[in-house]
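Taken together, the values in this text are just the output of simple stated rules run on the coordinates, not laboratory data. Note that the coordinates shown come from a computational prediction; the quantities given were computed from them, not determined experimentally. We place every Cβ from the backbone using ideal geometry, glycine too, and count neighbours over all the protein chains shown.
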Amino acid sequence: MGNILIVAELGQDGAIRDASYEVVTLARKLAEATGRGTRGLVLGSDVGDAAGKFAAGGAGDTLVVDNPALANYNVEGFNKAIRAAIEATDAEVVLLSNTPIGWDVAPRVAAGLDAAFVSDCFNIEGSGDGFTLFRRIFNGKLDAELSASGILVATVQPGANDAFEGSSDGATTALEVDLDGLRVQFVEVKQAAATGVDLSKADIIVSGGRGVGAPEKFGEVIQPLADALGGAMGASRPVVDAGWLDHPYQVGSSGQVVTPKLYVACGISGAIQHLVGMKGSNYVIAINKDPDAPIFEVADIGVVADLFDIVPALTKAVGAAKG
Ligand SMILES: Cc1cc2nc3c(=O)[nH]c(=O)nc-3n(C[C@H](O)[C@H](O)[C@H](O)COP(=O)(O)OP(=O)(O)OC[C@H]3O[C@@H](n4cnc5c(N)ncnc54)[C@H](O)[C@@H]3O)c2cc1C
């Protein structure tokens, strides 16, 4: 029976991202249920230390493709290296995190192998000769169940599994892959202009979602409460996608991960990608018209009401309390 290959992803600090250890948790569970082994793969330049930690941190025996051509993400290079690792490890299941890198390279790997591909799973179970995969759809309102057989490539939703914190026996082995002549070459990263918004350091965040309804309402309703509390304003992704606020305001899996003492979510449904970014908040107040909104599951105080009734009243009350 083929192995499960876990493709690790490195953060900007050169350490393996928590999201990859979440994939380890799911991979180990699937390995135990199906009698398979797990193998790790670490790609990049000067990644020996990170690979050692991954091997000992749950992945087990880990291949290392250490090549200057992989110092920055390159879809062609990553595809070649992952394909080589699949062959070297006799892998039948390939798991990556559902990050921009994962969702870029994983379909390419699957297409090259003519393998089954499922993105953004929160769970995978072994079933007979095949697999049952679960993914959340329609903003978390429904779960889709899919079955797959043969070689499987899947990406795993960040935040859906706890990061593996135990240890494993595992050695690292260098894997040589010819990466000469890649047709796409990395040129440079340009730092976005500083906006003055740094949610990662804010003690209090008042965030608005699609329920705020219009860009000017952020200035009229959300920002005044943030100001009254001495905090910062944040937003969900649809707000940023619509151009109402810039990306530094976005909280979530493709925005900022925040850990304030107080997080006030106004008109935010609580999709998993948003929760990933704010679930480390110490205290959460959610204001939403829909009593079934998932945000209430993580809220310490939930207010089922129209935010336009509650938020201005709160702002006024905070102002009055401060004198
Ligand atoms: C790969 C990927 C990455 C993503 N990354 C992120 C991310 O980083 N951050 C993020 O936030 N999302 C992210 N998303 C999107 C995410 O799945 C959700 O679509 C998004 O979080 C929903 O935003 P929302 O809650 O503002 O909008 P909706 O889900 O539309 O919810 C709006 C809410 O407002 C409520 N509402 C409406 N009017 C009022 C009112 N007057 N008063 C009170 N309540 C009201 C409604 O009941 C509803 O619950 C990502 C999605 C994908 C696929």
Check your understanding: If you average over every viewing direction, what projected area does the convex hull of the Cα atoms of the range 179-266 give, in nm²?
Key -> 7.6
Review point. What is the distance in Å between the Cα centres of the range 259-286 and the range 19-42?
Key: 29
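Hey, with R₀ at 25 Å, roughly what FRET efficiency would ASP114 and GLU176 work out to, going by the Cβ-Cβ distance, to 0.05?
Values: r = 25 Å, r/R0 = 1.02.
Computed FRET efficiency for ASP114 and GLU176: 0.45.
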Point to revise | Loop GluC sites (Glu not before Pro), the range 174-272 (other Cβ atoms within 10 Å of the site Cβ: 10 or fewer; DSSP) | key: GLU176, GLU188
Check your understanding: Going by a ≥ b ≥ c, the root eigenvalues of the Cα gyration tensor, does the range 114-201 fall in the rounded group (a/c under 1.5), the prolate group (a/b larger than b/c) or the oblate group?
Key -> oblate
Review point. Fewest to most neighbouring Cβ within 10 Å: what's the order for THR172, THR25?
Key: THR25, THR172
Exercise for review: Rounded, prolate or oblate: pick one for the range 35-173, where a ≥ b ≥ c are the square roots of the eigenvalues of its C-alpha gyration tensor, a/c under 1.5 means rounded, and failing that, prolate if a/b is larger than b/c, else oblate.
Suggested key: prolate
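Full extension from ASP129 to ASP90: what is 0.36 nm times the residue separation minus their Cα-Cα distance, to one decimal in nm? Please list the in-between numbers first.
Working: separation 39, 0.36 × 39 = 14.04 nm, distance 1.64 nm.
Difference between extended and current length: 12.4 nm.
With a cut-off of at most 10 other beta carbons within 10 Å, and DSSP calling the residue loop, which GluC sites (Glu not before Pro) in the range 56-165 qualify? Please list them. Let's see the in-between values first.
Numbers: sites: GLU76, GLU87, GLU92, GLU125, GLU145, GLU165; in loops: GLU165.
Of the GluC sites (Glu not before Pro), the ones in loops of the range 56-165 whose Cβ has at most 10 other Cβ atoms within 10 Å are GLU165.
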**Study point:** DSSP-assigned coil residues among chymotrypsin sites (Phe, Trp or Tyr not before Pro) in the range 118-150, each with at most 10 further Cβ atoms within 10 Å
**Key:** PHE138
Practice item. Would you calculate a helix-derived [θ] at 222 nm for the chain, using -39,500 (n - 2.57) for each DSSP H run of n ≥ 4 and dividing by the full residue count, to the nearest 500? Key: -8000 deg cm²/dmol
